[in-house]
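The values are calculated or read from the model by the stated rules, or taken from the named source; none is laboratory data. What you are looking at is a predicted structure, and each value in this text was computed from that prediction instead of being measured. Note that we place each Cβ from the backbone using ideal geometry, even for glycine, and neighbour counts take in every protein chain shown. Heads up: the accessible areas ignore ligands, DNA and RNA and are worked out on the full protein's heavy atoms, side chains in. Shrake-Rupley method; radii C 1.70, N 1.55, O 1.52, S 1.80 Å.
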2 protein chains.
Amino acid sequence: MEPFNPKFDANGLVTAVVTHAGTGALLMVAHMDAAAIAATRETGLATFWSRSRQRLWVKGETSGHFLRVREIRVDCDQDAVQLIAAPEGPACHTGAASCFYRRLDGDGLVPA
Amino acid sequence: MEPFNPKFDANGLVTAVVTHAGTGALLMVAHMDAAAIAATRETGLATFWSRSRQRLWVKGETSGHFLRVREIRVDCDQDAVQLIAAPEGPACHTGAASCFYRRLDGDGLVPA
């Protein structure tokens with residue numbers, strides 16, 4: 001069996017993309033270190049490395065809006081992972097279902 | 001109108017997530033600098049910054065498997081963009097439709 005061998009960057013991180021287990025929609029992008037991947041696999045709750053706070057961050061730890069991870073995929077060169085998750089509430093801290101709630105229109109942003 | 005003001009990292013990049021315009025499926029993750037975003041908007045073809053080759057890279061320039069961008073979205077803190085695109089062929093250089101064609105199973109990877 002092919003080994004899982006994530007290719008961490010100079011900061012020890014891979015990009016993590018969360019998609020909705022039901023609809024397939026893109027929900028959010030964050031970053032994971034080895035400990036975040038291990039915690040996510042152990043608990044089933046999406047756990048990231050917060051670059052701003054420089055600590056592990058269980059998504060939903062303050063809001064209660066956890067992401068229950070159903071499946072983890074990895075891309076061809078193993079520097080990005082996909083978490084297929086069932087969200088318990090809005091994925092975005094703004095209250096939007098997805099962090100990608102705006103689209104470009106000319107030089108500005110409008111609701112997606 | 002809210003301005004589009006991407007928050008580039010120390011290397012001048014944002015994360016770019018490509019999803020399928022028809023199915024919504026996650027196709028690939030790459031990186032864009034300001035020039036890649038400008039080129040993508042001008043040509044309608046997904047254009048990235050190749051960190052390995054250190055140059056702009058039009059996805060499909062060698063394979064012919066271009067990604068025709070229908071819409072660009074940005075996340076809440078503007079450090080990631082979503083390209084909603086119609087792929088002209090496999091998105092992955094391996095020939096897979098998506099770069100995320102394997103899932104974790106124990107310590108190994110199996111077909112997703």
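Annotations for the structure displayed:
- With label points defined 7 Å past Cα in the direction of Cβ, position A:Val110 shows copy-to-copy spacings of 4.6 nm, given to one decimal and shortest first.
- Principal axes of chain A: Cα extent on each, largest first, Å: 44, 31, 30
- Two-site FRET efficiency, A:Ser63 against B:His93, from Cβ-Cβ distance with R₀ of 41 Å, rounded to 0.05: 0.60
- Heavy-atom accessible surface that A and B bury in contact, both chains counted, 1.4 Å, Å² to 100: 3400 Å²
- As a calculated quantity, the FRET efficiency between B:Ala34 and A:Arg55 at R0 = 41 Å, using C-beta atoms, amounts to about 0.85.
- Share of carbon and sulfur in the accessible heavy-atom surface of chain A [1.4 Å probe, %]: 50 percent
- The modelled label-to-label distance for the pair A:Asp79/B:Ala86, using points 7 Å beyond Cα in the direction of Cβ, is 3.1 nm.
- A label point on B:Thr62, set 7 Å along the Cα-to-Cβ line, lies at 4.5 nm from each of its counterparts in the other copies, closest listed first.
- Dipole moment magnitude, nearest 20 debye, the protein assembly as shown about Cα centre, only Lys, Arg, Asp, Glu C-beta charged: 80 debye
- Cα-only Debye scattering, the protein assembly as shown: base-10 log of I(q)/I(0) at q = 0.13, 0.16, 0.19 Å⁻¹: -0.72, -1.14, -1.65
- Based on protein heavy atoms only, the stretch A:35-112 ends up with 47 Å² per residue of surface accessible to a 1.4 Å probe.
- Cβ-based net charge around B:Glu71, under 15 Å, with every Lys or Arg adding one and every Asp or Glu removing one: +4
- Rounded to the nearest whole Hz, the Karplus-based 3J(HN,Hα) values (6.51 cos²θ - 1.76 cosθ + 1.60, θ = phi - 60°) of the stretch A:36-53 follow the sequence 5, 5, 4, 5, 4, 5, 6, 9, x, 9, 4, 10, 10, 9, 7, 5, 6, 9, with x at glycine and proline.
- Computed about the Cα centre, the dipole magnitude for chain B is approximately 300 debye when only Lys and Arg (+1) and Asp and Glu (-1) carry charge, each at its Cβ.
- Taking amide hydrogens as placed 1.01 Å from N in the peptide plane, the amide H of B:Leu27 sits under 5 Å from those of B:Val18, B:Thr19, B:His20, each at least 5 positions away in sequence or on another chain.
- Only protein heavy atoms count here; under a 1.4 Å probe, A:Lys7 has an accessible surface of about 110 Å².
- Theoretical ellipticity at 222 nm over chain B - DSSP helices of four or more residues, -39500 (n - 2.57) apiece, nearest 500: -2500 deg cm²/dmol
- Considering only the Cα atoms of the stretch A:16-69, their convex hull presents on average a projected area of 3.7 nm².
- Here the simple spin-label model places points 7 Å from the Cα toward Cβ, and for B:Phe8 and B:Thr43 these points are separated by 1.8 nm.
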